[in-house]
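Notes follow once the structure below has been shown.
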Amino acid sequence: MIARSLIVPSLLGCVDPSPWENPPQITNHVDDWRDEVIYQLMVDRFANGDVNNDYGVTENVGALAGYHGGDYQGVIDNADYLQALGVTAVWVSPIVVNVEEDAGVGGYHGYWTQDFQNVNPHFGDIVAFRQMVEELHARDIKVILDIVTNHVGQLFYYDINRNGQPDSTVYGAGSQDSEGQFWEDPIEIVSEWDPAYDSRGIQAWTSLGESGAAPLEWVYMPEINRVPPNPPQFQNDDWYNRRGRVTEWSDLDQVVYGDFPGGLKDLDTSNPEVQAALIEVFSWWITQTNIDGFRIDTVKHVEHEFWQAFAGAMRDHTASIGKENFLMFGEVFDGDDALIGSYTAEGELDSVFNFAHKWQVFDDVFKYGGATSKIATLYEQRDAHYGTSPHPGGLEQAPRDLLVNFLDNHDVPRFLYDRPEPDALAVALVYQFTIDGIPCVYYGTEQMFAGGNDPANREPLWWSRYETDGPMFQHVATLARLRRTYGALTRGDFTLRWTSDHVGDEEDAHVVAFERADGDQVALVVINTQGEGTAATAYDGAQMAVGFAPGTELTVVFPVDDGRAYEVEADGTLRVEVRPFEALVLVPSATVLPLLP
Amino acid sequence: MLVWLVSSALAGEPEEGFYAGSYGRIDTSTDLEGGGGDAVKVATWGPRLELDPYMELDLGWVQRAQDGARFKVLITPALSGDLFHYDGQWSEALAVRNLFAEASEFTEGAPLSAWAGSRMVRGDDVYLLDFWPLDELNLVGGGVVARPGRSEVSVSVGANRLTGSTWQYQEVVVQEPGSVDGQTVVALDRQRALGTLRLGVEIPAGDVTIRPRLYGEVHALPRGERIEVDPFTEPERVPMASDGGVLVGGQLSAWGWAPSSFVHVWARYASGLAHYGELTIPVDGLDREYRARDAWSFLAATAGNHETKSFSLAWGAYLYYKVDADGVVVDFDDRWEWVEVVRPQLFATDHLAVGLEVSHQHVRPNGLNPQTGAADEPDVVKISLLPAIQIERGAYARPRLHAVYTVSVLDAAARGFWSPSDTRLHGGAQQYVGIGAEWWLDSTRPLTPDAAPL
């Protein structure tokens, strides 16, 4: 024992791993999430820091549906890159062990959970993850972990024809009636991995008819890690809804109780035992890794009652371990602003992705040139749709002030795919970084990646060689510095000052302007969302009313070193001209500050 | 080993003509629960008792020229793996371990030997653990040995080109010019160059001989380029960085105070490819350029035997620290190992002996066990009872028939080195009973240093 504890470790620089056995010390790094800039990265695609965990990495570099080798060591190695970009929080894709592959597609993204409590070995081990968290925290970069509570991977099949093997069976002869009016015996393909939704539960049947509930059969294919889930209590058939794949997305029952397409089996999250198990495993991850938040997948596929239980339990847990300001924001992949906001009702999530803004503003307005008045419509609905007061025991800010604003992510085409104009992206980024809420930048945006739908939008970042002197990288970095310098742009109240219905050659076409005010600090942002012509905050003789006192001189602080200045007129209005794709940030000249590093 | 082979005929080698020899071992066992006995090993090298069957057959010819120059050709085919009579598969693995010609006594007055071909170049081993701590190199090439007086200087150079992956050699199918057919061409062919130097001297000290040795080994692999082959995409040329490694170490041996009694002590440092060994394709723990050059290891070891007419005590032990090239500090793959084994034996008659072997394996990884998430330090203790019938008294007297009963005690950390799904390891103690045999019949493998001095 003496040799082990004293002599041996002192020789040859021996490493004692035992400190890593225990959960890390819980530390707090967030004052106000509105100050943060989130960077979404897919671990498999960000950086490959350790080639020794490249199990099954595809040799075809263009095959983006397979593993490509990124890992936590890669994040550690490229922490300088993140810091140079100016992001202050990193959202990392799921950590848990996944089904390795399905139909030639890899589980690199992390959304096919097989083991809720172990680290996907493709990305490293628990030590590597903890080291990553520690390294990022040392740089004041917070870590948000992506989690999935709605479903597990394709771990079982429904034995519909009860032949004891997973089949894809073709039924029907394809015959029509004698007049060719309707299908008498249509052709139907039934996959026992992923059958269509049945509200009764998936039924066993053959051409002779039904025969009751189809047995759920767990699969043992360890060579692709398609094995029953861990912890073992998740191997309970009754913990799954067993109704098959969602086919009608407007049917709320299907959305909540159906399997996610791809055979991702829906957990019965109304079951208190399931709730308790999910609360336990995800509380465990917080304790084990000292992370600062959760990004939660597929929120609308889970009952509100679950979110009330889960979010409350997480708040209790983080309070019990001394973790402050733990953020939970969810993905409600929908265009219905009211539905999206409903998950921020009292006791539920701290925040959600601002999908309404993504579709109706970043897409309709910035990508496709729609009227900026759409922005006003959304803001008018904000208080009605989103939680307006802080959650008991949670963050100090109300959900309405914490929405996570994004241009694109791993589930939608990149901005430049749909609108391949860097200037359009640049001006959209200014809007994203200056409106209220928390900006979230999808990795590769700074490198002007332009991939289309999944998986084309999941390019390895190393294709960029991690260049930091490119124009978009510098643009994002400057916007991050601007937010650090002017607190009004992060915590300030938001007031829309000008939007327009015009999309032609009218004076104010494509213009949006707003103020952010935080006490004495006020900033005015004026944006020409399109590149069609110079526009202004004025139309038909009327000018934009602003919150500054008449005679206040405003200086343009973005673009940096612009030098232009404006004076608020005696009637409290201001006409600001913005060139095509130009965005200006102005502050009272008396409050101009040197840009923080 | 090299010196012994080239310097003079071993006991079984004739002055001229054909000769044969063999080394072999074979064991079979039961776990007393209906299954076969299984090796229980958590360290890199474990007790020899649990090795798979193996056999070498030495076939040699010696010819002398009229002026006395001596030429020898040695061919050593070897078999390993489960035997046909056990698994019913006609599939024992065959390899040629020696295939070389050697010339000696060809220069009057100059104690030189030379060889060319394919051979094992080996020094002394830790018999009870079946490993060579310092000088063990298998290569195709040649060498020269000078043996002035009681000293030796030997140099070997050679190469290998391992197949089984696209690390050193790759063939691809390309379009045949002027045809719609495909033809196979070599896309990658990079040899690992190997070189060794060994210096030694025997120093008599009364009845005892002391022999210090220095040994060095160099591995060099040039850069190359392989082709990523995927039928659904254009072939892509992937550069492969050059790599290399060195091994340096020393050995101190003594023998002569009693028959078949000796002691060896080794220390060595190895880096890069030399750390992995010449027959290993390094696939784990590499740097981002897929190189092994930053891997290193330190090894200290000892082995020996002391015996009298009725008793012997053999031992072996090593202390090993290895670090791979991936740069990860808290790394389960980087570790300390220390292993000790002792085997006392009593010789009741000229042919009946009974031995007791006790061994201990300890591993101290620098990282957490990915299976348990703990800083596991497994310990395995084994005790074996070894009654034997052998050709004569002595720890190394062979041929020998033996029975063996072994119990292995594993702590929880050691059990954590096996998959929970592995039904072979269901408790903290494993046992087996077996019978086996081992022989050296005029083999080129010397048993003890006093059997083949310089």
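The values are calculated or read from the model by the stated rules, or taken from the named source; none is laboratory data. From a predicted model like this one, the values you see are computed outputs, not experimental measurements. Methodologically, a virtual Cβ is constructed for each residue, glycine included, from the backbone with ideal geometry; neighbour enumeration extends over all protein chains shown.
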Out of segment B:315-349, which residues are over 20 Å from the mean Cα position of the chain (by Cα), of a type in the set (Val, Ile, Thr) and at pLDDT 95 or above? B:Val323, B:Thr349
For B:Ala395, only one of the following conditions fails: (1) within 14 Å of another protein chain (Cβ to nearest Cβ); (2) surrounded by 15 or more Cβ atoms within 10 Å (Cβ to Cβ). What is its number? (1)
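Taking the options A:Ala89, A:Ala47, A:Ala84, name whichever one is modelled with pLDDT of 95 or more, within 22 Å of B:Ala325 (Cα to Cα), hydrophobic (A, V, I, L, M, F, W, C) and out of contact with any Cys (no Cβ under 8 Å at 6 or more places or on another chain).
Unique residue meeting the criteria: A:Ala47.
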Unmet criterion (only one of (1) under 20 Å from B:Val140 (Cβ atoms); (2) within 14 Å of chain A (Cβ to nearest Cβ); (3) part of a loop (DSSP other than H, G, I, E, B); (4) without any contact (Cβ under 8 Å) to a residue 60 or more places away in the chain) for B:Glu234: (1)
Residues (within 14 Å of another protein chain (Cβ to nearest Cβ) and out of contact with any Gly (no Cβ under 9 Å at 6 or more places or on another chain)) located in segment A:120-140: A:Pro121, A:Phe129, A:Arg130, A:Val133, A:Glu134, A:Glu135
Residues that are touching a residue at least 60 places away in the same chain (Cβ under 8 Å) and among the hydroxyl-bearing types (Ser, Thr, Tyr), at least 1 per element: which strands (runs of 3 or more DSSP E) completely within segment B:151-221 meet that? B:151-160, B:192-201, B:208-221
Selection from segment A:72-89 of residues within 19 Å of the chain's Cα centre (by Cα) and at negative phi yields A:Tyr72, A:Val75, A:Leu82, A:Leu85, A:Val87, A:Thr88, A:Ala89
Enumeration of residues in segment B:305-336 that are within 14 Å of chain A (Cβ to nearest Cβ) and acidic (Asp, Glu): B:Asp324, B:Asp326, B:Asp331, B:Asp333, B:Asp334
With criteria (1) within 14 Å of another protein chain (Cβ to nearest Cβ); (2) within 20 Å of the chain's Cα centre (by Cα); (3) of a type outside the set (D, E, K, R), B:Thr302 comes up short on (1)
Can you name the number of the only condition in (1) buried (at least 20 other Cβ atoms within 10 Å of the Cβ); (2) closer than 23 Å to A:Asn290 by Cβ; (3) among the small types (Gly, Ala, Ser) that A:Gly69 fails? (2)
Given (1) at negative phi; (2) at the interface with chain A (Cβ under 10 Å from one of its Cβ atoms); (3) in contact with an Asp or Glu (Cβ under 8 Å, 6 or more places away or on another chain), number of the condition B:Glu289 does not satisfy: (3)
Are any of the residues in segment A:158-169 within 26 Å of A:Asn409 (Cβ to Cβ) and either within 14 Å of chain B (Cβ to nearest Cβ) or acidic (Asp, Glu) (or both)? no
Mind telling me which of the residues A:Gly62, A:Gly70 ends up being within 10 Å of chain B (Cβ to nearest Cβ) and assigned to a loop (DSSP other than H, G, I, E, B)? A:Gly62
May I ask you to verify whether A:Gly341 is part of a loop (DSSP other than H, G, I, E, B), farther than 25 Å from A:Asp198 by Cβ and at pLDDT 95 or above? no
It is to be established whether one or more residues within segment B:321-336 are surrounded by fewer than 22 Cβ atoms within 10 Å (Cβ to Cβ), among the hydrophobic types (A, V, I, L, M, F, W, C), touching a His at 6+ places or on another chain (Cβ under 8 Å) and over 18 Å from B:Trp418 (Cα atoms). no
If you check every pair at least six apart or on different chains, which have Cβ atoms under 7 Å apart with a residue in segment B:59-76 that is more than 24 Å from B:Tyr23 (Cα to Cα) first and a residue that is part of a loop (DSSP other than H, G, I, E, B) second? B:Arg64/B:Glu16; B:Gly68/B:Glu105; B:Ala69/B:Glu105; B:Ala69/B:Phe106; B:Arg70/B:Glu105
Segment B:356-378 - residue that is in a strand (DSSP E or B) and in contact (Cβ under 8 Å) with a residue 40 or more places away in the chain and, of those, nearest to the other protein chains (Cβ to nearest Cβ): B:His362
For the list (1) away from every other protein chain (no Cβ under 14 Å); (2) touching a Ser or Thr at 6+ places or on another chain (Cβ under 7 Å); (3) not in a strand (DSSP E or B), I need the number of the one condition that B:Pro259 fails. (2)
Of all the residues that make up segment A:325-344, how many are surrounded by fewer than 15 Cβ atoms within 10 Å (Cβ to Cβ) and in contact (Cβ under 8 Å) with a residue 40 or more places away in the chain? 1
Output the residues belonging to segment B:147-160 that are surrounded by 14 or more Cβ atoms within 10 Å (Cβ to Cβ) and over 13 Å from B:Thr196 (Cα atoms). B:Arg147, B:Arg150, B:Ser151, B:Glu152, B:Asn160
Can you report the number of residues in segment A:365-388 which are more than 22 Å from A:Ser342 (Cβ to Cβ) and charged (D, E, K, R)? 1
